[in-house]
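Remarks on the structure that follows.
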Amino acid sequence: MNKAQLHLVKSIEKARKLNTYSKIGKMLAKFIKLRNRIVYACDIGITSEIPTDCVFHHSGLGVVIGNGVKIGNRCQIYSNVVIGSRDTHGHNGANPVIGNNVIIGTGSIILGDITIGNNVIIAAGSVVLKDVLENTMVAGNPAEIKKYIK
């Protein structure tokens, strides 16, 4: 993980922690989110849960992650990935939960109240609208299982 990737992930964690504090903490969290949007060209929700060992390739360029999204450990997210709710406002809690060791390819879209299992590979350009089983590779629009990983 390079310095820019590490800084992005740590700033996301800091914003989430600040958001739980007072009014000033919430304002600082929004400032960090805005700064990330300008510096890294990504929009990551303050209440999303992203561990510090998650890797954003290309420093998170074009990544959009909604509020309430939960991402597991050691995930790799490539550029122009969208992860969030199907709801236009994203406030009904219907966000994806992504397991551990998941690789999300460039331009993939993951929407809705779905669960992505552990050790999954989502091919570039895939549109995932349904749950994905563990140890599989999915691809296409809509995404379908293409391979089982041992």
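The values are calculated or read from the model by the stated rules, or taken from the named source; none is laboratory data. Quick caveat: nothing in here was measured; it's all calculated off a predicted structure. Counting neighbours? That spans all protein chains shown, and the Cβs are built from the backbone with ideal geometry, glycine included. Just so you know, the surface numbers come from the protein's heavy atoms only, side chains and all, with ligands and any DNA or RNA stripped out. Shrake-Rupley method; radii C 1.70, N 1.55, O 1.52, S 1.80 Å.
Points to keep in mind about this one:
- Near pairs, Cβ below 8 angstrom, 6+ apart or cross-chain, from segment 7-23 (acidic (Asp, Glu)) to any residue that is open to solvent by less than 10 Å² (accessible area, probe 1.4 Å): Glu13/Ile50
- Given (1) in contact with a Gly (Cβ under 6 Å, 6 or more places away or on another chain); (2) of a type in the set (Ser, Thr, Tyr); (3) over 19 Å from Leu6 (Cβ atoms); (4) open to solvent by 30 Å² or more (accessible area, probe 1.4 Å), index of the condition Tyr78 fails: (3)
- Scanning segment 31-61 for residues that are under 23 Å from Ala94 (Cβ atoms) and either open to solvent by less than 20 Å² (accessible area, probe 1.4 Å) or not in a strand (DSSP E or B) (or both) turns up Lys33, Cys42, Ile44, Gly45, Ile46, Thr47, Ser48, Ile50, Pro51, Cys54.
- Residue within segment 95-113 that is more than 18 Å from Val132 (Cα to Cα), open to solvent by less than 60 Å² (accessible area, probe 1.4 Å) and in contact with a Gly (Cβ under 7 Å, 6 or more places away or on another chain) present: no
- Take the conditions (1) in a strand (DSSP E or B); (2) modelled with pLDDT of 95 or more; Asn80 misses just one of them, which is (1).
- Selection from segment 133-150 of residues that are open to solvent by less than 70 Å² (accessible area, probe 1.4 Å), assigned to a loop (DSSP other than H, G, I, E, B) and under 18 Å from Ile98 (Cα atoms): Asn135, Ala143, Ile149
- Boolean, His89 is open to solvent by 20 Å² or more (accessible area, probe 1.4 Å), modelled with pLDDT under 95 and under 19 Å from Gln5 (Cβ atoms): no
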